[in-house]
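To start, the structure under review is shown below, and the notes come after it.
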Amino acid sequence: MRDLARDIVLGKTRAIARGISLAENDSLGREELIDLLHPHTGKARILGITGPPGAGKSTLADLLIAGERRKGHKVAVVAVDPSSPFTGGALLGDRLRMQSHAEDEHVFIRSMASRGHLGGVSRATVDAIKVLDAAGFDTVIVETIGVGQTEVDIIELTDLVLLVLVPGMGDEIQAMKAGVMEIGDIFVINKSDKEGADKLRTEVEYVLGFKYAHEMEKMNPVCMVSAKMKQGLEALEEEAEEWFQHLSLSGLLEQKRKERIQKELKRIFSAKIHELLDKKMDFYNNVEEWAEMIYQKKVQPYRFINESLHDFLKKESE
Amino acid sequence: MKEKKLRILIAKPGLDGHDRGAKYVARALKDEGYEVIYTGIRQTAESIVKTAIQEDVDFVGLSLLSGAHNELFPKIVELLKENDAEDIVVFGGGVIPEEDIPFLREKGIQAVFTPGTPIKTIVDFIESQRND
Ligand SMILES: Nc1nc2c(ncn2[C@@H]2O[C@H](COP(=O)(O)OP(=O)(O)OP(=O)(O)O)[C@@H](O)[C@H]2O)c(=O)[nH]1
Ligand SMILES: [Mg+2]
């Protein structure tokens, strides 16, 4: 594992790819690898791109990669697509739009299937970002589909979120008002070459205006972009740069990252406790019998649960 | 232990612009439960190899209709080897004359599927190569 970690830090492509697979497959050594890489993380800017299917996220990512490369930055992309809930298979097509960078050795693109995690963001995505950060990429772009409320996840793993919206979403604007709009730092109205873009912009600004009625200076930027016609990119890049500057100078970035670690800790502790319950308490083998006892009214449910838990914890600590 | 999820890159080297067959195979393999990465038409050998390595795939499936398979397929196998990635299994498909197949097999293309091959045959091949 030390060799793998060292090669990742040295930026060796094969090692980076292997490290991500290790995390994705939850293979032996995953925790050790993340621990070894940890001292090397925290340097990359992590940029999320989210929005409804087909909004132009990948096309936009392709242009953002080009912009970063012009500045001499090394860029990595993690593009998450949903796995089929029926077969577990996935068709990962985001990369198709970014293949113009396929031969650039300072661009690393990785497609990931959500593997059953709603909204596509999973622990594996979090780990992949860490691997890429440790490997020395200046910018890591994470593309996910925003569906319903699950996309809230993306704020938890990125420094800045671009929410991509497109005209003609119809009812979706309603859902947006109900919470999705909480998640964007910068609102990108893509496909501005199409009809309805100005109307959408007005609607978005209207909603944001409500949210920030008393603090207009905090209002999020809204950028009109046409990824297809390559229009509006400079303005978007400038807004993103400014937002980053603001975040780091104000100390908000540090705060954001610490909050991220807090959420991660909670998630990991919960997962480990769950595992303990499953393995040590042998929950799944016992549960039928316990249910029977409760059904037959042989025990009081809460009393039984609290006593079992107490006994289990006592046994564990001995 | 649960089986490892296999990842497959379906790539189209060469200059022909017809990707119906490649897309069909990509979708069919997805339906079989594999994670399939599709990168579109006119990919250079270099970009296919770089993609395969970054995506850490187990298989690369090449599709070609333009007749350049005898140069391009072996070139990709060669480049994978140069990048210490010879463990990635390469198979090919498309319009490939029967008499070219032995040559391609000799050059390290592990299987060649001509048009009309049932998807089951490809799946059986993939499963036979599973190495975990
Ligand atoms: N008219 C127009 N079409 C665009 C624009 N940006 C992207 N598209 C098209 O929209 C389609 C979807 O683009 P993608 O970049 O794949 O969208 P996506 O959001 O990544 O899609 P998923 O990953 O499948 O959710 C493609 O056909 C693009 O060419 C734009 O600014 N204007
Ligand atoms: Mg996409």
When the residues of the stretch A:53-85 are narrowed to those that are assigned to a loop (DSSP other than H, G, I, E, B), surrounded by fewer than 23 Cβ atoms within 10 Å (Cβ to Cβ) and within 14 Å of another protein chain (Cβ to nearest Cβ), which ends up farthest from ligand 2 (Cβ to nearest atom)?
A:Lys74
Let me confirm something: among A:Glu241, A:Glu237, A:Glu203, which residue is surrounded by fewer than 15 Cβ atoms within 10 Å (Cβ to Cβ) and out of contact with any Ser or Thr (no Cβ under 8 Å at 6 or more places or on another chain)?
A:Glu241
Within the stretch A:92-107, the count of residues that are at the interface with chain B (Cβ under 7 Å from one of its Cβ atoms) and either among the aromatic types (Phe, Trp, Tyr) or not in a helix (DSSP H, G or I) (or both) comes to 4
So, first residue within 13 Å of chain B (Cβ to nearest Cβ) in the stretch A:1-26, second residue surrounded by fewer than 19 Cβ atoms within 10 Å (Cβ to Cβ) and assigned to a helix (DSSP H, G or I), Cβ within less than 6 Å, six or more apart or across chains; the pairs are A:Ala15/A:Asp7; A:Leu22/A:Arg30; A:Ala23/A:Arg30
Looking for something under 22 Å from B:Ile119 (Cα atoms) and more than 11 Å from every other protein chain (Cβ to nearest Cβ) - is there at least one such residue anywhere in the stretch B:34-50?
no
For A:Val287, indicate whether it is surrounded by 11 or more Cβ atoms within 10 Å (Cβ to Cβ), at pLDDT 90 or above and within 16 Å of ligand 2 (Cβ to nearest atom).
no
Leading residue by the ranking (surrounded by the fewest Cβ atoms within 10 Å (Cβ to Cβ)) among those in the stretch B:14-33 that are assigned to a loop (DSSP other than H, G, I, E, B) and within 7 Å of chain A (Cβ to nearest Cβ)
B:Gly33
Quick check on the stretch A:108-122: of everything there that is away from ligand 2 (no atom under 15 Å from the Cβ) and more than 9 Å from chain B (Cβ to nearest Cβ), which residue is surrounded by the fewest Cβ atoms within 10 Å (Cβ to Cβ)?
A:Gly116
When you scan the stretch A:221-233, do you find a residue that is surrounded by 10 or more Cβ atoms within 10 Å (Cβ to Cβ), assigned by TED's automatic domain parsing to the domain that holds A:Asp62 and part of a helix (DSSP H, G or I), even just one?
yes
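The values are calculated or read from the model by the stated rules, or taken from the named source; none is laboratory data. Note that this is a predicted model, so its numbers are computed, not measured. Backbone-built Cβ (ideal geometry, glycine too); neighbour counts: all protein chains shown.
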